[in-house]
1. Restricting to region 310-340, give me the number of residues that are within 28 Å of residue 587 (Cα to Cα) and basic (Lys, Arg).
2. Report, by residue number, each residue of region 357-376 that is touching a strand residue (DSSP E or B) at 6+ places or on another chain (Cβ under 9 Å) and either outside the structural domain of residue 400 (by the TED database) or assigned to a helix (DSSP H, G or I) (or both).
3. Looking only at residues in region 322-338 that are on the phi > 0 side of the Ramachandran plot and not acidic (Asp, Glu), which one is surrounded by the fewest Cβ atoms within 10 Å (Cβ to Cβ)?
4. Is it the case that residue 312 is over 27 Å from residue 233 (Cα atoms) and over 15 Å from the mean Cα position of the chain (by Cα)?
5. Could you tell me whether any residue of region 310-321 is of a type in the set (Asp, Glu) and either at pLDDT below 95 or loosely packed, with under 15 Cβ neighbours inside 10 Å (or both)?
6. Can you go through 79, 74 and tell me which one is open to solvent by less than 50 Å² (accessible area, probe 1.4 Å), at pLDDT 85 or above and of a type in the set (Gly, Ala, Ser)?
7. Tally time: how many residues in region 380-425 are assigned to a loop (DSSP other than H, G, I, E, B) and within 16 Å of residue 324 (Cα to Cα)?
8. Mind counting the residues in region 248-285 that are over 21 Å from residue 215 (Cβ atoms) and of a type in the set (D, E, K, R)?
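The values are calculated or read from the model by the stated rules, or taken from the named source; none is laboratory data. Just so we're clear, the structure is a prediction, and the values are computed from it rather than from any experiment. Don't worry about glycine lacking a Cβ; one is built from the backbone with ideal geometry, like all the others, and counts go over all protein chains shown. The accessibility values were calculated without ligands, DNA or RNA, using every heavy atom of the protein model including side chains. Shrake-Rupley method; radii C 1.70, N 1.55, O 1.52, S 1.80 Å.
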Amino acid sequence: MSLRLPHLSEPLASIDSEQDSHSGSSSSEDEEDDQTWDDWVSDSAPKSCTSLFDKEKSFDSVEKALEYDKDVKGFDLQGTCQRLSLSFHQRIRLINHIRKEAVAPASLEKLSGKEPFFSDDQYLKPALEDDPLLQYSFDDWSEGEDEEDDSPERTISLLKARLAKANQDLATFRQLVTNQLDITALGEAGDAGSSTEAVAPRDDDSHYFRSYADNEIHSVMLQDTVRTSTYASFILSNPSLFDGATVLDVGCGTGILSLFAARAGAAKVYAVDASDIAVKAEKIVKENGLENVITVIRGKVEDIVLPVEKVDIIISEWMGYALLYESMLDSVLHARDRFLKPGGLLAPSESRMMFSLCEAKEVKKERIGFWDDVYGFDLSSMAEEVYDDAIIDVVPEESLVSDPTTIKTFDLHVLTPKKLDFSSPFTLTSTRTKRTKAWAFVLYFDTFFNTVPTLLSPEDPAYEVTIVKADEPNTAEVWAVGKPGRGELKRRASSKSGEKGKKAMERYEKGYVKSFSTGPASLRTHWQQTVFLLREGIPVEEGTVVEGTFSCRKSEDNSRELDVEIRYSVKPPGAEKAGDTIIQIYKVR
């Protein structure tokens, strides 16, 4: 038996527990809205169904189409679903996969149910509009029921049971399609007279993933010399780490890091991205002849199933503005816990969030002062909200009025998601010999690729980031951080017992620690710096101390955005104590 599931824009028919439609005792003021069971059954008449493998073959029922595919094409869809114990959504994906990719019947004989497309949500989108196969229920009638009993009461009872199951399946399917297509207004299931309004589920992801489907954002990132060349050189200068390795690329974008890993000798690379860019990445992989090494998987890393249990290396360019904007680090940590082998490598392995005082005269002039006089008019009220948002801009190195301090160190090998919301104290001391005003705090980050995390921690005094200057000729290469000598690392390795020590030394032999900075002293990156403008400038001179607390957490409105609170007080040189505490709150979005 087949049932037509309503379109997503249609409400499901309500089902009364009493058989009023057959008793004739019910009446309605609006007969057009009073659906009887006869109306419903008539409305669910079967539609023509096309063969899975032959677009020219159309049948007047799903059963005939399935029979044709089984007898002529040699593929038993119903038997396959039962053999693999496919869920409702896996069955949907299988049907759409066959239609969309024009899969040959012979290639389906060895399906195991673990193929990547069974977890790829792109195949929840119908490949054939209004496909009856997607609306068809493969469940048999319960065993032991009397098939001779075709009374109206039995028919109604069976229809109710089937429709109840269809309701449940459709409710789940609706949610998945809503997430996939960003549909926020779907028909509400329930009684025709219900006044309950559907509340669309909160969605912090759809806009985020859509933004990475455009070419422009990838062009900007790929042309960021510091960013891309650091990844390239770390991977390509460590072939002994990547040779024969299984690699997971989280948020692969165009697939550039996966291509580097394949060139470095990786045996298998799984490139994962939930954005539409995954389609282009797959084409790029094929155009470069690496489809036997790189497999592109469309989906969130939290939801996918890999063909392998564990990987040797996880690579990802997860950093956002102010380091944590977009919350992609959460996904990397999830991938680490699910897929990384014990002792496996994360690249990058650490990041430091850096904080400093800044004059920010040009930023203030452009963002605030501009509104004071616009064609002779005072529009300064337009500047009032500028202080509420962090500004992504470039500040010159000479505008810094203090040495930077480390607000937070993120060691990806041990970091937990809970620690991504944090509060850290800071102390900044002015280095300016002449009196001036600091109009902003500035935040940036340094990133490290450490192949010897058991020997060299982010807290090590020798762990210094390389600063790349704009006038340096070899900006397309990777610059090693300052590191202890070989003898010192040998001593540290020898202090590790057994296999740990051996593995640690092997890591050192196989490559250097690499790093780059997004700070004002380094060559400009697409991350720039994050500027927190102050409503009141801080008078500073040499020895002025500004101390306080920097707090950062995911925004309650959108988990991809950040809420930042900065509490600070100022202690002039020679003063016994600091002044009043000032609080400013910002959005990073």
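1. Result for region 310-340: 0.
2. Correct list: 361, 362, 363, 364, 366, 367.
3. 327
4. no
5. no
6. Just one listed residue meets the conditions, 79.
7. Of region 380-425, the ones assigned to a loop (DSSP other than H, G, I, E, B) are 390, 394-396, 401, 403-404, 412-416, 421.
Then drop every residue that is not within 16 Å of residue 324 (Cα to Cα), which leaves 390, 412, 415-416, 421.
The total comes to 5.
8. 2
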